[in-house]
Amino acid sequence: MLNVKVRSVFGGLVMIVAAGLGSAQTQPPPTRAPNPSSPGVTPPAGVPATPGVGQAVDPNKYSIGAEDVLYILVWREADFTRLVAVRPDGKITMPLIGDMQAAGMTPIQLTKDLTEKLSNYVNRPDVTVTVQEVRSKRYYVDGEVGRPGEFPLITPTKILEAVSKAGGFREFADQKHVLILRGAKTFKFNYKEVIKGKHMEQNIELENGDHIIVH
């Protein structure tokens, strides 16, 4: 009788252990959150930790300026791949190369310059330079518009487009007497005329630092 009880208890323990092992095998392994940081990317203060899509600038025409954020990708070379902000003196710093000029160059020109300099340390480097954030060129829209504020001047932009990006005119805005301040100069813009195709020359292209004032 005792032997029967021992066997019964032992059998029960075996079934419990087997059930536990079965559930452990069917349970999916814990997932790991992806690490957003890339090796070799050491952004300075104020620069995003990881590269985004990048700004829609023309790499053959856009002139890099101070404070612009660049993403430099060197294929399979993590030590040289990084996000950098162009310093006020127009330069960036790269490992082994040191300081080099970036402001005043297009992304294509900087890519070529970096490729030549990195060739001293890397065999046939594959370099790509993209503008992640435009900070050197901007314009401002103030007054009776939907979204007044500061806007990056990424691509050639005219007054009509700038007003649209700022949310358009508010209900009681003076659409006939819009002012554009450019240093010591003042330009006038009549929205009512332009949308009718009249005096289109007043729909000028914006420059860095322009202020559009809508009363």
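The values are calculated or read from the model by the stated rules, or taken from the named source; none is laboratory data. Fair warning: this is a prediction, and the values are worked out from it, not measured in the lab. When we count neighbours, we look across all protein chains shown, and the Cβ atoms used for this are built from the backbone with ideal geometry, even at glycine.
Figures for the structure shown
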quantity	calculated
Flag for Met94 being farther than 20 Å from Thr155 by Cα and either in contact with a strand residue (DSSP E or B) (Cβ under 8 Å, 6 or more places away or on another chain) or at pLDDT 95 or above (or both)	yes
Selection count where residues are small (Gly, Ala, Ser), surrounded by 16 or more Cβ atoms within 10 Å (Cβ to Cβ) and part of a helix (DSSP H, G or I), scope region 149-177	1
Pick from region 178-191, criterion out of contact with any strand residue (DSSP E or B) (no Cβ under 7 Å at 6 or more places or on another chain) and surrounded by 10 or more Cβ atoms within 10 Å (Cβ to Cβ), ranking: nearest to Ile212 (Cα to Cα)	Arg182
Of the criteria (1) assigned by TED's automatic domain parsing to the domain that holds Glu207; (2) basic (Lys, Arg); (3) over 23 Å from the mean Cα position of the chain (by Cα); (4) not in a strand (DSSP E or B), which one Lys188 fails	(4)
Residue in region 98-112 that is assigned to a loop (DSSP other than H, G, I, E, B) and touching a helix residue (DSSP H, G or I) at 6+ places or on another chain (Cβ under 6 Å) present	yes
